[in-house]
Structure formats: structure tokens, C-alpha cells
Amino acid sequence: MGLNSKEIESVSKLKPFKRYKYFMKKVADFEELWTVIDNNGDIGLSDIDNNTLFPVWPKEPYTI
């Protein structure tokens, strides 16, 4: 199932817990998870307030 820009925009406007539920359902339905990996194969991580964040998305179009 592909995603269109309208769906991505709609999901982006959801409140955090609803986005989380959407994310969990899509990951469970399609059994795939997307993240950012650089040319060296390293996973993209961020640090905010001494917390390491590991960004993930339910489908590839969200990573663009």
C-alpha cells in the first residue's frame, strides 16, 4: 500500500498519542520499520536532554 502526501500530512497533524497508535498499527500490519542509515551503515541517532533518540517510521515515504 502506497502513501500519498495527503495521508502523510494528515498523520503529521495528529496528536502524539494518536500518531503513536497509527505508527504501531502500521508496523504490525506491514511488519516493517524504517529508520535513517548513512552511507557508512551507521544508524542516525539524536541526543536531546541527555536522552538518545532512535527515529523510526512505519513506511518509507515518511523518511523523505
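The values are calculated or read from the model by the stated rules, or taken from the named source; none is laboratory data. The structure displayed is predicted, hence computed values, not measured ones. A quick note on method: Cβ atoms are made from the backbone with ideal geometry, for glycine too, and the neighbour counts reach across all protein chains shown. The protein model used for the area step is the full one, side chains on, heavy atoms only, and it has no ligands, DNA or RNA in it. Shrake-Rupley method; radii C 1.70, N 1.55, O 1.52, S 1.80 Å.
Here is how the numbers come out for the structure above:
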| item | result |
| --- | --- |
| Accessible area (Å², per residue) of the chain, counting only protein heavy atoms and a probe of 1.4 Å | 84 |
| Shape call, the range 14-64: gyration tensor on alpha carbons, a/c limit 1.5 | oblate |
| Among ASP49, ASP38, ASP29: highest mean-square fluctuation, GNM of the chain, C-alpha pairs under 10 Å | ASP49 |
| Computed helical MRE - 222 nm, the chain, DSSP H runs ≥ 4 contributing -39500 (n - 2.57), nearest 500 | -11000 deg cm²/dmol |
| Heavy-atom accessible surface of the chain: percent carbon and sulfur, 1.4 Å | 54 |
| Local electrostatic count at LYS13 - Lys and Arg +1, Asp and Glu -1, tallied over other residues with Cβ under 12 Å | +2 |
